[in-house]
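> Submitted below is the structure of interest, expressed as structure tokens.
Read the figures in this text as sums done on the coordinates, not as results from a lab. Because the structure is a prediction, the values reported are computed rather than measured. Note that we place each Cβ from the backbone using ideal geometry, even for glycine, and neighbour counts take in every protein chain shown.
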Amino acid sequence: MSAEAPAWPSGLGRVVTDTVDSTNRLAQLVLAGNGGRASWVMAGQQTKGRGRRGRPWSSPRGNFYGTLAMRLEDPPAKRALRSFVAALALRDALADLTGAGAGLRLKWPNDVLLNGGKVAGILLENAGDVLCVGIGVNLIAGPDDLLVEPGAVAPVTVLAETGQRLSPETLLNHLAPAFARWDAMLNAAGFAPLRKEFLAHAARLGQQITARTGSQIRQGRYDGLDENGALILTTSQGQEIIPAAEVFF
Ligand SMILES: O=C(O)CCCC[C@@H]1SC[C@@H]2NC(=O)N[C@@H]21
């Protein structure tokens with residue numbers, strides 16, 4: 001457990017604001033206005049926080065809401081791997097700050113679980129050559145039950161699970177350098193080291209899971225990730241490679 005933040009990555013922008021509709025939207029504007037310098041945008045609260053699959057993301061004050069906007073020339077498949085960069089960075093930052101590393105697991109494709117509950121979500125959005133990596137962490141409050149999809153992993157908070165009250169600023173100070181480290185690793189060595197680390201912390205690896213893609217539901221054993229980050233599921237029909245799905249335990 002280390003409370004001292006590593007240095008802020010050189011050249012990386014940082015904008016902190018009090019209230020915004022969505023940091024994913026503001027981050028795009030920030031990038032457009034600063035000549036394309038990759039930047040983190042963090043807000044104290046969001047009035048229209050966006051979750052995956054068009055769902056709202058509950059965003060009361062006290063939790064973490066941050067988006068990294070960056071301009072990329074990578075092909076779409078490599079861009080999408082930033083969701084693993086984000087999940088690994090978030091795991092590292094939360095493990096460093098709370099010492100709760102053993103309780104932190106990664107649910108494919110990119111939810112972070114703490115003691116079995118969902119503590120954080122990641123939303124990647126593309127706008128032209130700009131990628132926005134939005135991260136929400138339940139530091140002190142989770143969403144109302146009504147906002148939780150039936151069958152989804154129940155939300156938890158860092159405060160309730162660890163007794164620790166992290167400030168959003170402290171989390172950003174650890175998260176930004178961790179993201180920069182894993183992103184540099186992806187650029188230098190490809191996806192293989194990220195896949196290895198993700199699987200080392202994966203929730204339910206080797207166990208029965210359900211993957212839902214649109215109206216299609218498949219059940220099988222979670223047998224790992226392929227070289228593009230797709231889920232390998234062994235069903236009664238054989239092995240399936242699933243590039244995108246919602247996973248239920
Ligand atoms: O559905 C999910 O699990 C992803 C949630 C992502 C929420 C974050 S909060 C910061 C950023 N701004 C948004 O509007 N959404 C993301």
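> Would you list which lysines come within 28 Å of LYS48, measuring only between C-alpha atoms, while excluding same-chain residues fewer than 8 positions from it?
Partners within reach: LYS107, LYS118.
> Hey, another quick one. Could you work out how far the C-alpha centroid of region 157-208 sits from that of region 62-97, in angstrom?
Each part's Cα centre sits 8 Å from the other's.
> Take ASP18 and ILE232, extend 7 Å from each Cα along the Cα→Cβ direction, and tell me the distance between the two endpoints in nm.
Label at ASP18, label at ILE232, 5.2 nm between them.
> Shifting gears a bit: Between LEU199 and GLN219, what is the FRET efficiency for a Förster distance of 22 Å, r being their Cβ-Cβ separation, to the nearest 0.05?
Values: r = 20 Å, r/R0 = 0.92.
After rounding to 0.05, the efficiency reads 0.60.
> Also, I was wondering about something else. Based on the alpha-carbon gyration tensor of region 80-217 and its eigenvalue square roots a ≥ b ≥ c, which shape applies: rounded if a/c is under 1.5, prolate if not and a/b is larger than b/c, or oblate? Before the final figure, lay out each step's value.
Numbers: a/c = 1.37, a/b = 1.07, b/c = 1.28.
Rounded, since a/c falls under 1.5.
> Still on this structure: Starting from the eigenvalues of the Cα gyration tensor, five times each then square-rooted, give me the equivalent ellipsoid semi-axes of the chain, largest first, whole Å. List each step's numbers first, then the result.
Values: eigenvalues 142, 88, 66 Å².
For the chain, the ellipsoid semi-axes come out as 27, 21, 18 Å.
> For region 13-200, with the dipole built from +1 on Lys and Arg beta-carbon atoms and -1 on Asp and Glu ones, taken about the Cα centre, which of PRO177, GLN164, ALA100 lies farthest toward the positive end?
PRO177
> Here's something else I'd like to know. Whole number please: convex hull volume per residue of the Cα set in region 23-144, in Å³? Walk me through the numbers on the way to the answer.
Details: hull volume 13.5 nm³, N = 122.
Dividing the Cα hull volume of region 23-144 by its residues yields 111 Å³.
> Can you tell me how much longer the chain between GLN45 and ASP129 gets when fully stretched, taken as 0.36 nm per residue apart minus their C-alpha distance, in nm with one decimal? Don't skip to the answer; put the middle values down first.
Details: separation 84, 0.36 × 84 = 30.24 nm, distance 2.69 nm.
Extending this stretch completely gives an extra 27.5 nm.
> How far apart, in nanometres, would the label points at ARG37 and ALA152 be if each is projected 7 angstrom from Cα along the Cα-to-Cβ direction?
In this crude spin-label approximation the distance works out to 3.6 nm.
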